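Visitor: The following block contains the structure, expressed as structure tokens.
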Amino acid sequence: MTFASDASASASQDYHFSFSLVVLGDQRVGKSQLISCTLPDELASAADPQDLGSDHGVQCKSHTYESRGARYQILMWEVPGAPRHLQEADRYASMAAGVLLVFDLTRRTTFERISLWLDAVEATSPELPRVIVGNKSDGETQVTAEEAVALAQKHGCKYFETSAIRNEQVPEAFSSLIARIVAQIPNPPEPSLLLRKRIQIGKSLAENKSFRAALFDYPAK
């Protein structure tokens, strides 16, 4: 799965499927920088590195991913880490197809609090695909890999140690989550089944005559 600029795709809605990811975790764990790593180089270089501790509203960035000939529009929602947003995490998760939960390897308290974010997600979306990310592996870590892996296994998800500064393991973390979501797409992709997974059909697929014929059982012309 490859990252691509969505400037032209979003203008024409030239994608097959669309869904949202929500990125959760305490303040200053590096959520903004992690998302910036998925941006094209020219946009990533323009990102504000001081935006890590922002307590402004929820931010959204749109990306296009390509895999096996299919294009996916993915809306990445970054939720600030203030306590009031933790109280609303279940609502954010209920609108997403997957969630990335982030803690700071150099601050143990953020690891201890990741369980609170997980509990909030599982309160309304227990089957939601998710990954846990321990960011800032380039620093002096206060959390062992064994502890983090055990937590991830307890909640049925994968764990990745990343460095947003070095862009290490960041594409792998996002791609792992996206692959789990894509694997849920039925064949044929019947809209009502997709909506249960919070996935929408894009214009490129909706206008495909062969797809419409297979889905709605009428001859393609």
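Visitor: From 110, 141, which residue is over 22 Å from residue 74 (Cα atoms), surrounded by 15 or more Cβ atoms within 10 Å (Cβ to Cβ), touching a Phe, Trp or Tyr at 6+ places or on another chain (Cβ under 8 Å) and not aliphatic (A, V, I, L, M)?
Guide: 110
Visitor: Turning to a different aspect of this structure: Which of (1) under 19 Å from residue 76 (Cβ atoms); (2) assigned to a helix (DSSP H, G or I) does residue 128 not meet, given it meets every other one?
Guide: Exception for residue 128: condition (2).
Visitor: With the checklist (1) out of contact with any helix residue (DSSP H, G or I) (no Cβ under 8 Å at 6 or more places or on another chain); (2) under 17 Å from residue 180 (Cβ atoms) in hand, flag the one item residue 138 doesn't pass.
Guide: It fails just one condition, (2).
Visitor: Being buried (at least 21 other Cβ atoms within 10 Å of the Cβ) and of a type outside the set (Val, Ile, Thr) is the filter here; which residues of the range 126-138 pass it?
Guide: Across the range 126-138, the qualifying residues are 129, 130, 134, 135, 136.
Visitor: Among the listed residues 179, 173, which satisfies the condition of being part of a helix (DSSP H, G or I), in contact (Cβ under 8 Å) with a residue 40 or more places away in the chain and in contact with a Phe, Trp or Tyr (Cβ under 6 Å, 6 or more places away or on another chain)?
Guide: 173
Visitor: If the Cβ limit is 9 Å and pairs must be 6+ apart or interchain, which residue in the range 60-76 that is over 14 Å from residue 181 (Cβ atoms) pairs with which residue that is charged (D, E, K, R) and part of a strand (DSSP E or B)?
Guide: 60/78; 61/78; 64/71
Read-outs: derived from the displayed coordinates by stated rules, not from any lab. Please read these numbers as outputs of a predicted model, since none were measured by experiment. No Cβ is skipped: glycine too gets one built from the backbone with ideal geometry, and neighbour counts run over all protein chains shown.
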